[in-house]
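The values are calculated or read from the model by the stated rules, or taken from the named source; none is laboratory data. What you see is a predicted model; the values in this text were computed from it and never measured. Every residue, glycine among them, receives a Cβ derived from its backbone with ideal geometry; neighbour counts consider all protein chains shown. Just the protein is used for accessible areas: all its heavy atoms, side chains included, with ligands, DNA and RNA removed. Shrake-Rupley method; radii C 1.70, N 1.55, O 1.52, S 1.80 Å.
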Amino acid sequence: MIPDILSPGQYDTVYNFLSLVIAAQLFTAVFLLISLPRILPRYRAAITVAIVVCGIAAYHYFRIFDSFKAAFVTDAAGGQGDYAQAAGVGFNEGYRYVDWLLTVPLLLVELIAVLALARSVQNRLLRGLVPAAALMIILGYPGEISSDNGVRGLFGLLSTIPFLYILYVLFVQLSKSLDRQPKSVRATLGRLRYLLLLSWGVYPIAYLLPLLNIAGSDAWVYKQVGYSVADILAKAVYGLIIFQVARMKSFDDDPTFAAIELSRDEEPARS
C-alpha cells in the first residue's frame, strides 16, 4: 500500500533513485545509439532493441518521477517537513507494469538476437519466451494493486509459472546454443543469464513484502529503491553487456573489422 506520510529522508531517497534510473537509461540509450557503427550489421538488431528498451524505461521513469512529485507534497520551508499524499492525486504504480510489459519480452529478444542463431531456432525460442514474459507481467499486476494478501499471493503464484518456463528455456534449452558460440563470449553469455535472474529476483521480493508482514513507509521506500536498482541492472547494464558481446562476436567474425576497431581504440594511447 502507498503510505500516507513520507519523511524528508524517505522522500529524498525515492526522488534520487528515480532520477538515477532516468539518467542511467537515457544515457545508456545515447551511448548505444552512437556506438552502433562499431559492431557488424548482423548484430545491430540486438543493440537497436537494447536502445528501444532503455528509451521506453527512461520515458516511463519520467512519468513515475512526475507522478511521485505530484503525489507527495509538503508545506514546510525548504522541504524539511513530512510529505503527505496530495488531495485528489495518487502515485501511479501502473507505469512500472506498462514498462515491464513492453521491456521484459524485449530483453529476451536482445539475448536471442545477439546470438545470431538460425532463423528457425530464433523463431522457436521467441515464440515461447515472448508470450511467457508478457503473461508473467500481466498475471502479476492484479496482485500488485490488491490490498488483499490472498489475492496477492494467488497472482504471485500464477505469475511464477511463466517465470519458471523462462528459466527453463534460458538455462536448459539455450545452453545447447551457447556451446556453438565463439569461445570469447560463452562465459559472458552464461553470466548474462544470471544477471537476468539476479535482477528479476528483486521484483518478487518487493512484491512479497506485504505477505511477509513488512509494511509501512519504510517498506514502500525499499520497494521503490529495489525496483529502481533492478531496472538499472536488467536494462542499462544488461544492454551494455549485450553490446560488448556483439563487439566481441564482430571481431571474431571479421578480423579486418577487428583490426580497424582495435586500432581506433589504441589511437588515444599513442597520441
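Just one residue in the set Tyr203, Tyr194, Tyr222 is open to solvent by 60 Å² or more (accessible area, probe 1.4 Å), of a type in the set (Ser, Thr, Tyr) and farther than 30 Å from Ile34 by Cα; that residue is Tyr222.
Suppose we keep only residues that are of a type in the set (A, V, I, L, M, F, W, C) and in a helix (DSSP H, G or I) within the stretch 210-219. Which one would you say is most open to solvent (accessible area, probe 1.4 Å)?
Going residue by residue through the stretch 210-219, those that are of a type in the set (A, V, I, L, M, F, W, C) are 211-212, 214-215, 219.
Filter once more, keeping what is in a helix (DSSP H, G or I): 211-212, 219.
On the way: Leu211: 62, Leu212: 109, Ala219: 8 Å².
Across the stretch 210-219, the extreme among qualifying residues is Leu212.
Taking the numbered list (1) on the phi > 0 side of the Ramachandran plot; (2) under 19 Å from the mean Cα position of the chain (by Cα); (3) of a type outside the set (Asp, Glu) in turn, Ala29 passes all entries but (1).
None of Ser263, Ser250 is part of a helix (DSSP H, G or I) and farther than 22 Å from Ala46 by Cα except Ser263. Taking the stretch 66-94 as the range and being under 20 Å from Asn16 (Cβ atoms) and either of a type in the set (Asp, Glu) or surrounded by 18 or more Cβ atoms within 10 Å (Cβ to Cβ) (or both) as the test, the residues that pass are Asp66, Ser67, Phe68, Phe72, Asp82, Tyr83, Phe91, Glu93. Arg186 meets the stated requirement of being free of Cβ contacts under 8 Å to residues at least 60 places away in the same chain, surrounded by fewer than 16 Cβ atoms within 10 Å (Cβ to Cβ) and more than 20 Å from the chain's Cα centre (by Cα).
Let's see how each residue does on (1) surrounded by fewer than 16 Cβ atoms within 10 Å (Cβ to Cβ); (2) under 26 Å from Val14 (Cα atoms):
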| residue | (1), (2) |
| --- | --- |
| Arg96 | no, yes |
| Val104 | no, yes |
| Val109 | no, no |
| Leu125 | no, no |
| Gly128 | no, no |
| Ala132 | no, no |
| Ile137 | no, yes |
| Tyr141 | no, yes |
| Ile145 | yes, yes |
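Looking only at residues in the stretch 6-49 that are assigned to a loop (DSSP other than H, G, I, E, B) and not hydroxyl-bearing (Ser, Thr, Tyr), the one that is surrounded by the fewest Cβ atoms within 10 Å (Cβ to Cβ) is Leu40. Leu154 - would you say it is among the aliphatic types (A, V, I, L, M), surrounded by 15 or more Cβ atoms within 10 Å (Cβ to Cβ) and free of Cβ contacts under 8 Å to residues at least 12 places away in the same chain? Judged against the criteria, Leu154 is a match.
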